[in-house]
Every structure is written in structure tokens, then in C-alpha cells.
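Before any comments, here is the structure.
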Amino acid sequence: MSPAATLVLQDVSVRVGGRRLFQPLDLTVTAGRITTIMGPSGSGKSSLLALICGTLAGPLRPEGRVLLDGVPIGHLPPERRGVGILFQDDLLFPHLSVGENLLFGMPRRPGTATGGRAARRQNARNALANADLAGFFDRDPATLSGGQRARVAVLRTLLAEPRALLLDEPFSKLDMELRGRFRRFVFDHAESRRLPTLLVTHDMADADSAGGPMVTLACAETKAEP
Amino acid sequence: MAAPLRELRNGAPARRGWLALVPWATLAVFLGPVVLGLIGTLLPAFGILPALGGTGLTLTAWERLAAAPGLAGSLWLSVSTGVASTLLSLAIALAVLAAGYGTRPFAWVERLLAPLLAIPHAALALGLAFLLAASGWGVRLLHGLGGLAGADVFALPPLHAPLQDPDGIALTLGLVVKETPFLVLMGLAGLGQVNAARSLAAARALGYGRMTAWAKVVLPQLYPQIRLPLYAVLAFSLSVVDMALILGPGTPPPLAVQVLRWFNDPDLSLRFVASAGACLQLALVVGLIGLWRLAEMAAARLLRPWLTSGRRGTSGVLGRTAGVLGWAAVAGTSAAGMLAMAVWSVARRWRFPDLLPGELTLDTWARGLALLAGPLGATVLVAALASAIAVALSLGCLEYEDRAGIRPSTRALWLLYTPLLVPQIAFLFGIQVLLVLLRLDGTLAALVWSHLLFVLPYVFLTLSDPWRALDRRYARAALCLGVRPRTVFWRVKLPMLLRPILFAAAVGIAVSVAQYLPTLFAGAGRYATLTTEAVGQAAGGDRRTIGVAAVAQMAVPLLGFALALALPALAFRRRRGVA
């Protein structure tokens, strides 16, 4: 398990053309806490997460500094930032089995006790079993229910051993009954791994349930809220 | 395709390395030869071709060209067949799209597209020739129907048949049958871009009939999407050679055929006239594309008031019927022609006016395959190499686009279409001159390269839409799992796009198999392919042998498409989610 870390944003905003999507943001996300970012659609919530994990595309330009554990990561390519992200859709790779999806993101450390081929597979199976998905290793992701797929997506992200976790409205597409349980599942995992976690949502219930600090993205034209 | 465009960097440092060279290499591979080839054709037209003693600037070639008997007839034939076939293909393609798009039976139109597109021009022309010939299926069918009605029509083959007719009607029909499926395919791709279904629904909710709604709302959005492919069809129809050799008249032939005759004439001084003729062919195509553009603008202006006149139109039954019948005629003619070729290839005796041969035999195939083994091997080898290179270059360009974070512009699309817009005959001679200078003429490399010029645009066009349509978040999700871009390419994008990649490869094979002129010019007579054999057989060959050649020529691309469908189905038989 990776050691507890802190995610820090300094003066961060996203520019498109000469315009900022939102007022520059200063934020410290501490380990094991879930910080919620609220804002209406179009306010740049998803772009903020893309900026943090390094996948900002098209005409969008990043601004400000992102530090993970005190180290700037803004210049690194996404795959070397150690920032995991969960999207609205599970984005399980359709050509890989459930287990292969998990193995895809797991770090390789050949020659060590935990990084060999057999150990990685066992690790994936254990993770599935702990998520009530025992025996799903060889299943085709297309045959899983929405809730099962969502859980596999979480496992895939966590098994990649990120040092921070971003949640891009991952609960919005699930129905109400599933939603509460899945939210708890994600939050428990994030907290037990002491991950600094940033949740983006426009649903108050998500924010309440996260229980951490809450920030509202301010439009660039208006003043930022305290 | 991507490099000449403005780059938009994003936060992460762009990872490109050698990949940045791929778009440039691609441009060089397929635009370089076109430009050099045009120069190599232009210079001899003005008397400069040192190998044949032409060292000074003269206009002799142009004077001889102007004095050539039948030149006006050739020009008129090229223009009339080219424009008529393009207009007719466009009308049928638009009508069938308007009548069918989004309806259930339309699935059949889509399903037929790949096999129809896979039929090489020469094979299609040979099939159509037998349908139209004096002793062909058309006449035999009329005789049979006459017999049923008690009348004795065509007891003997008629003296005049609409084949190689002086007005080029057979050639026009052949071009329509070949080009309509291509325009339907391009139209489908365009409709996906403009969200036609929603526009159509909105217009119909306002009380417009299906066809009127289509004409007023969808067509104005669709037309810009199919403009370039349409110009390519026009350019091709104006300068077609292989189909014209089989279906077109000989005295005078269309301009491109006449130019080819001059290029092949034992009298070497005619090479200069041929070069001038090739330049004239280029001017003809450029001029007509320009005229077409002007006509488009005039039509747009004249029809503008009609768009907003508020007329809801009638049910459009006529238009729908025309679309359905036109498509049925196109697909039916292709199928009947290919079937005729297949029947001939196994016929022992097939007397006039029997509808079917009396005796069947596989002898022709046994003899034919022995003869065609060499050309078959060359065809498959060249097609496989050209297609594989084209797929690799296209993937390199597209992956570069992704990593550099750029989107292609319309200008890039024009570049891509260049080899399809410039008449082949206008630059292939120049390429040949160049190859001779480099001592590369008649080599496998030269042959593959000459095919690549035409394979690459089609492969790139086929591949780029599905590639760009792949949900980019898959790649992002993979990167955020800590996986390198190269691994994402190999382990996420390639497998998820295996189906369109193999489909594009099959398109590439079909395009390569169909090439006639490039094989003639770059192969320098040392390489015979199924296509050069089939066209060669057409003049005076035994119909049974022609049947074998045509079926063999058609079998290679069809096999390619079959593999492109079967392999992903096999590889992902346990993965329902792979599109």
C-alpha cells in the first residue's frame, strides 16, 4: 500500500483561448479525506480533474501548480503522475476479461514476491473476492450488471496503486438503490487506503455522504466563494 | 496528414519522437510521386525528354495533338460519359439514401456495400459486357421471353448491341454501376457526421414529407461532406481506362484511352503527343471540377428560396421508388454480371440462345489457374504489401494526431484526395520516366509504391472515422492506470479497433487488385496481375477464359473482406462488448 500523501492545488485554473473556465483554485486534499467539488455543468469540474491527471486535451490549457506529496507533477505525462481516476462510465476494456482488465493496470515488479505473474493474478482474484465478485476473473465484462462493472472499474483503478484518487461523477449513472451502496464501497476503499480523494459532483447527496470539505467552483466572471 | 496543421499543445508534454516523422513520410510517399509524375509528363509535352532526343522547348507535340484525327470526338466522349455517369450515380445514391436511411430494409443496402465495392472495375466491366453483348444474357433473356409469348425474337444474335457503342452508353452504365455504391458509402459516412436522423425527425415533425424533408434539410448538410468523394468520382469517370477498354467504343475512344494508345505506340515520337494529351486530360478534369463547383453554387443560390418557401411537398413516392429501383438495378447488374462470369468459367458449351450452358466442366479452371498462377501470386503479393504499408502509415498518422493533440483540417483532406483527383494517366507516364532514371522500373518496389498512391487514401479514409470515433476516455483511463502511450496503442487501441483496421486492410487489398494503369506503367510489362490479364483477355479472348480471369480477380478482394469479418469475430468470440 502506498504511503499517505497529500494533493495540493495552487492557483489552478483551465484556460480556453484567453478565458479562464473558473477562478484560480487553491486547495489541499489530505490523505484519507474526500474533498467534494460542486458546480453546475459546464463550470469546468471535469476539466479540473483532467488537468490534475494530465489528460487535458484540445484547446484547453492548464494553469497553476499541482503537487502530490510536495512534488510538482504538472509537467509529467499522465502515466507517471500516480493519479487514479474514475469516470461516469466504467470504461472497462471490452476486449479483455474482467481479470485482464485488473491486471492491465497493476504495476509489474518482476522478481519480487508481490510483483510476479502468479502473485499479480492472485492479487486480482483476492480483490474480486473482497468485492463480492469471486469467480469473475474470466468473465466477459459485457456480461456484468451495471453495479458489478462499476465495482470492477474501482478495483482496476485502485489496483494500479495510485497515490491520489479523482472521482468524476462516478455515481451519476447508477440507479438510486445501487448508488448509496456503491458510494460507500468507493469511499471505504479510498479511506482505508488513506488516499487523498477529490470528488466532482452536482449531487448534494454525494457531497453529504463524502463527509469531507466542500468547494464550489466559481465562474471566472464572479468572485470565488470563501 | 497531421503534421502540416497547426499544433495545439496541452498540459502534458507532447510525446512524439519518431512518430512525428510518420505524417511527413506519408505525404512524401503518396504526394511526391504525383508531383514528380506531373512534372515528368508536363516536360515531354513541351518537347523535353532527353531519353528520346527531346532537349528543346517546342510546341510540336501540341500541334500534332490538335491535328490528331478524332480528338474532338474523344474529348466529347470523355466529357459526356464522365458527366452523365457522375450525375446518374449521384442521383441514384442520394435517392436510395433519402428513401432508405434509417429504415429497416436499408440494412440490406449497407450489407451489400462491401461486396459491391470489392468487385474490381475490370471484372465488373467484363460481366456487364456479357450482359449487353449481342449474344449475351440480355438478348438471350429477351429471346426466352419472346418464346414464352409465342414470338420469335432474336433467333440469331442481333447485329447491333449496346456494347462499345459510339455514344459510350455501355461505358456510362458501367461507371454508374461501379460508382454508385461508393457514393452511397461516402454518403453514409457523411450522414453520420451531420446527425441526419435528428434533422429529419425535426423537419417531419414540422409537417414535411420524408423526401422533401430530406431534400430541404439533410441534403444541404450532407453535400459538403460528399463533395470531395464526388469530385473523385467525376475525375475517375472522366479519365477511366480499364472499363473504357472493355465497354467503351474504339473509334474514337475516350481521351484517356487514346492517350494510352499513343504512349504504347511503337512510334516513339508519339510519346510527346501522348504527354500533351495527358496534360489535356488533366486540364479537362480540373476544368470540369471547376465547372461543377460553379454549378453547385448556382444551384445553391437558385434553390435557396425554395428551402424556405414552406412547401411541405408530397409523399415523395416517385422519388422513393426511383431510389429503390435505381439501387436494385445497380446491385442487380453487378450480381448478374458476376454470376454470368462464374457460369461462363464452368461452361463447356453454351450455345446461343440458351439461357444456361448445356454442359459444365472444370477444365477451363484447371487450364486457367495454371496460366493465372503467376498473375495471381503477383496480385496477392502486391495487394498485401501495399495494404499493409498503407495501414501502418495510416495508424502512425492517426496515433500521432492523438498524441500531439491535433485535429485534421479540410486542407489535409484535399491533400489526401489528390491522387484520386488527378487523372492517373496524367502522372503515371512521368513516374515511369522517373523510375527508368532511377533504374527502378519493373521492380516489385516500384509496383507496390505505384499501388500505394491509390491504396493509401482509401485506407486512411476508411480507418480515420472509426479511429477518431473511439471513445478517447479509454486511452485516458489506461494512461491514468500508469500505462505508457505505446502500450496503450498496442494493447487498448489496436485490439479495440481490430475490426475497422482489418476492414481498412481489406479495402486496401480491393483497391490494389483493381489497379490497371499503375500496374501497366510501373510494372513495365514485367509484372502481370489478374487485372492486366483480365483486361488483356477482354479483346478477343475466349469467354470461358475471361470468366475464369474475372472470377479470380473478384475472389481475391472478396476473400480479403471475408477474412476481415471472420478474424475479429473469431478473436473476440467471447467478448460481446467489442463493437
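For region A:131-137, putting each phi into the Karplus relation 6.51 cos²θ - 1.76 cosθ + 1.60 with θ = phi - 60° gives couplings of 9, 6, 10, 4, x, 8, 3 Hz, in residue order, rounded to whole numbers and with x for Gly and Pro. Of the peptides B:497-510, B:69-82, A:67-80, the ranking by mean beta-carbon count within 10 Å, highest at the top, reads B:497-510, B:69-82, A:67-80. Using every pair of separate Cα atoms, the Kirkwood estimate puts the hydrodynamic radius of region B:421-579 at 18.3 angstrom.
Assuming 1.306 mPa s and 10 °C, estimate D for the protein assembly as shown with Stokes-Einstein, Rh taken as the Kirkwood radius over Cα pairs, in µm²/s. In µm²/s, the coefficient is 53. The listed peptides B:32-45, B:89-102, B:112-125, B:323-336, ordered by packing as a protection proxy, come out as B:112-125, B:89-102, B:32-45, B:323-336 (highest mean of other Cβ atoms within 10 Å first). Coupling constants for region A:196-203 follow from the phi torsions by the Karplus curve (6.51 cos²θ - 1.76 cosθ + 1.60, θ = phi - 60°), and in residue order they are x, 10, 10, 10, 10, 7, 10, 9 Hz; glycine and proline get x. Once backbone amide H atoms are built at 1.01 Å from N, B:Ala347 has B:Thr361 as its partners under 5 Å, excluding neighbours fewer than 5 places away on the same chain. Heavy-atom accessible area for B:Glu179, with the other protein chains in place and a 1.4 Å probe, reaches approximately 10 Å². Residues whose amide H lies under 5 Å from that of A:Leu25, counting only those 5 or more places away or on a different chain, are A:Asp11, A:Val12, A:Ser13; hydrogens are built 1.01 Å from N in the peptide plane. Here's the list of aspartates and glutamates a cross-link from B:Lys493 could span, going by alpha-carbon distance under 19 Å and ignoring same-chain residues fewer than 8 apart: A:Glu79, A:Asp89, A:Asp90, A:Glu100, A:Asp140, B:Glu399, B:Glu401, B:Asp402, B:Asp465, B:Asp471. Helix content alone sets the calculated 222 nm mean residue ellipticity of chain B: runs of n ≥ 4 DSSP H residues at -39500 (n - 2.57) each, divided across all residues, give -24000 deg cm²/dmol. The order of A:Ser43, A:Ser145 by accessible area, most exposed first and with a 1.4 Å probe, is A:Ser145, A:Ser43. Residue ranking by accessible heavy-atom surface, 1.4 Å probe, largest first, among A:Lys173, B:Lys178 comes out as A:Lys173, B:Lys178. Label-to-label distance, A:Ala134 versus A:Met176, with points set 7 angstrom from Cα along the beta-carbon direction: 3.4 nm. Shielding by partners for peptide A:49-57, expressed as the average number of C-beta atoms from other protein chains within 10 Å of each residue's C-beta, is 5. Packing around the peptides B:511-521, B:163-173, taken as the average count of other Cβ atoms within 10 Å per residue, puts them in this order, highest first: B:511-521, B:163-173.
Distant-in-sequence amide contacts of B:Ser409, defined by a placed amide H-H separation under 5 Å and a gap of 5 or more residues or a different chain, comprise nothing. Spacing of the modelled spin labels on A:Met214 and A:Asp188, each 7 Å from Cα toward Cβ, amounts to 2.4 nm. Inter-chain neighbour count for A:160-170: the average number of beta-carbon atoms from partner chains within 10 Å of each residue's beta-carbon is 1.
Built from the Cα atoms of region B:244-359, the convex hull projects on average onto 13.5 nm², one quarter of its surface area. Once the Cα-Cα distance is subtracted from the 0.36 nm per residue extended length, the B:Arg198 to B:Asp542 segment shows a gain of 118.4 nm. Inter-part distance, region B:453-491 to region B:527-562, computed on C-alpha centroids, equals 36 Å. Expressed as a fraction of 2.2 N^0.38 Å, the C-alpha radius of gyration for chain B is 1.01.
When the Kirkwood radius is taken over all Cα pairs of region A:107-218, what Stokes-Einstein diffusion coefficient follows at 20 °C and 1.002 mPa s, in µm²/s? Could you put the intermediate results ahead of the total?
Working: Rh = 15.5 Å.
My calculation gives 138 µm²/s for D.
Within the straight-line cut-off of under 15 Å between alpha carbons, the aspartates and glutamates reachable from B:Lys178 are B:Asp242, sequence neighbours fewer than 8 places apart in one chain being disregarded. Dividing the Cα radius of gyration of region B:482-548 by its Kirkwood radius returns 1.30 for Rg/Rh.
What's the average, rounded to a whole number, of partner chain beta-carbon atoms within 10 Å of each residue's beta-carbon in A:141-153?
Details: counts 3, 5, 4, 1, 0, 0, 0, 0, 1, 0, 0, 0, 1.
Counting other chains' Cβ atoms within 10 Å and averaging over A:141-153 gives 1.
For region A:3-153, the mean projected area of the C-alpha convex hull, equal to one quarter of the hull surface, is 11.0 nm².
Which residue, A:Gln23, A:Gln148, A:Gln122, tops the fluctuation ranking in a GNM of chain A built on C-alpha contacts under 10 Å? Greatest mean-square fluctuation among the candidates belongs to A:Gln122.
The values are calculated or read from the model by the stated rules, or taken from the named source; none is laboratory data. What you see is a predicted model; the values in this text were computed from it and never measured. Every residue, glycine as well, gets a Cβ built from its backbone with ideal geometry; the counts of neighbours run over all protein chains shown. For the accessible areas, the whole protein counts, side chains as well, though only heavy atoms, and no ligand, DNA or RNA atoms are used. Shrake-Rupley method; radii C 1.70, N 1.55, O 1.52, S 1.80 Å.
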